[in-house]
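Structure first, then comments.
The values are calculated or read from the model by the stated rules, or taken from the named source; none is laboratory data. Remember, predicted model here, so these are calculated numbers, not experimental data. Here Cβ is always computed from backbone atoms with ideal geometry, including for glycine, and neighbour counts include all displayed protein chains. All accessible areas refer to the heavy atoms of the entire protein, side chains included, with ligands and DNA or RNA removed. Shrake-Rupley method; radii C 1.70, N 1.55, O 1.52, S 1.80 Å.
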Amino acid sequence: MVKRIFYLFWGLLLFGLGIVLTIKSNLGAAPWDAFHLGLILYFPLTLGQVSQLTGILVILISYFLGIKPGWGTVANMYFIGIFIDYFMASSWLFVPTSWLSQLGMLLVGIWIIGWASFFYLSAAFGAGPRDSFMVGSIEKTGWPVWKVRTVIETSVAALGYFLGGPVGIGTIIIAFTLGPSIQWAFSIMGKRAQDIEHDSLVIRSRES
């Protein structure tokens, strides 16, 4: 159990760092982050707080779609928001000034998110709010994963764009490389994400 808890929080910390790196690259944020950054232009909230509130809404929608949240789902919603605000305010994270350094920061952020996903998913406390929403949508529509994910991501990116969020070439790069980054991390560790059995909010015994 201790190992699983460490994996969960280490993964969430890395996730917050990876998100901030992709944002600070200033090439265009991931669809959900572009949406969050668009929202903070209209509300007196931090980026992390908007992420948390959006996460709550998505968890509720997923629940009504038949997907029960796990402890990791709730922790994902709450702590990633905290870590985002921490890293956004950190002075040691520089803002790149050249296109090459911007691209480098973006790719490092994507690589970190890949490993972050491995750790928090391997903890098996439940997928994140947005992944749960995707699974619920798949079950309700019967559409394949790629179609549901494409509809969700493009819709959120469009909303972010019209709200004034940073949608750019980085958004496209993230869309095409984030999945392979996650898959690469799992492959390195010799595991498959689909083989993980997640706990719900009712904890059952499991080997640590």
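No solvent, one uniform scatterer per C-alpha: report log10 I(q)/I(0) for the chain via the Debye equation at q = 0.09, 0.13, 0.14, 0.15 1/Å, two decimals.
-0.33, -0.70, -0.82, -0.96
Between rounded, prolate and oblate, where does region 75-186 land on the alpha carbon gyration tensor, with a ≥ b ≥ c its root eigenvalues, rounded for a/c under 1.5, else prolate if a/b exceeds b/c? Can you show the working numbers first?
Values: a/c = 1.66, a/b = 1.33, b/c = 1.25.
Because a/c hits 1.5 or more and a/b exceeds b/c, region 75-186 counts as prolate.
Can you sort 85, 195, 33 by 1.4 Å-probe accessible area, starting with the largest? Don't skip to the end; give the middle numbers.
On the way: 85 50, 195 90, 33 15 Å².
Accessible-area ranking of 85, 195, 33, largest first: 195, 85, 33.
Residue farthest toward the positive end of the dipole of the chain, with Cβ of Lys/Arg at +1 and Asp/Glu at -1: which of 55, 143, 75?
Of the candidates, 143 comes out farthest on the positive side.
Assuming a ≥ b ≥ c are the square roots of the Cα gyration tensor eigenvalues, decide whether region 66-111 counts as rounded (a/c under 1.5), prolate (otherwise, with a/b larger than b/c) or oblate. It would help to have the intermediate numbers written out before the result.
Numbers: a/c = 4.97, a/b = 2.08, b/c = 2.38.
Note, shape of region 66-111 comes out oblate.
If each residue of separation counts as 0.36 nm, what is the full-extension length gain between residue 140 and residue 154 once their alpha-carbon separation is subtracted? Show your work: numbers first, answer last.
Values: separation 14, 0.36 × 14 = 5.04 nm, distance 1.90 nm.
My answer for the length gained is 3.1 nm.
For the chain, give the magnitude of the charge dipole about the Cα centre (Cβ charges: +1 Lys/Arg, -1 Asp/Glu; no others), in debye to the nearest 20. Display every interim value, and only then the final one.
On the way: 12 positive and 9 negative charges, 48 e Å.
With Lys and Arg at +1 and Asp and Glu at -1, about 240 debye.
What does the charge count near residue 59 come to, summing +1 for each Lys or Arg and -1 for each Asp or Glu among other residues with Cβ under 13 Å from its Cβ? If you can, show how the numbers build up before the last one.
Details: positive: 68, 130; negative: 131.
Summing Lys/Arg as +1 and Asp/Glu as -1 gives +1.
What does the C-alpha gyration tensor say about the overall shape of region 1-105? Classify as rounded when a/c is under 1.5, otherwise prolate if a/b is larger than b/c, or oblate.
Values: a/c = 2.18, a/b = 1.43, b/c = 1.53.
Because a/c hits 1.5 or more and a/b fails to exceed b/c, region 1-105 counts as oblate.
On a 29 Å Cα-Cα criterion, which of the cross-link pairs 24/191; 24/68; 147/191 come out too long? Walk me through the numbers on the way to the answer.
Values: 24/191 31 Å; 24/68 34 Å; 147/191 25 Å.
Table pairs above 29 Å Cα-Cα are 24/191; 24/68.
In square angstrom, rounded to the nearest 10, how much accessible surface does residue 188 have for a 1.4 Å probe?
90 Å²
Just 181, 51, 155 to compare: in a GNM of the chain, with alpha carbon springs under 10 Å, which one fluctuates most?
Highest fluctuation among the options: 155.
May I ask you to rank 120, 78, 86 by accessible area, largest first, using a 1.4 Å probe over the protein chains only?
Working: 120 5, 78 110, 86 130 Å².
Putting 120, 78, 86 in descending order of accessible area: 86, 78, 120.
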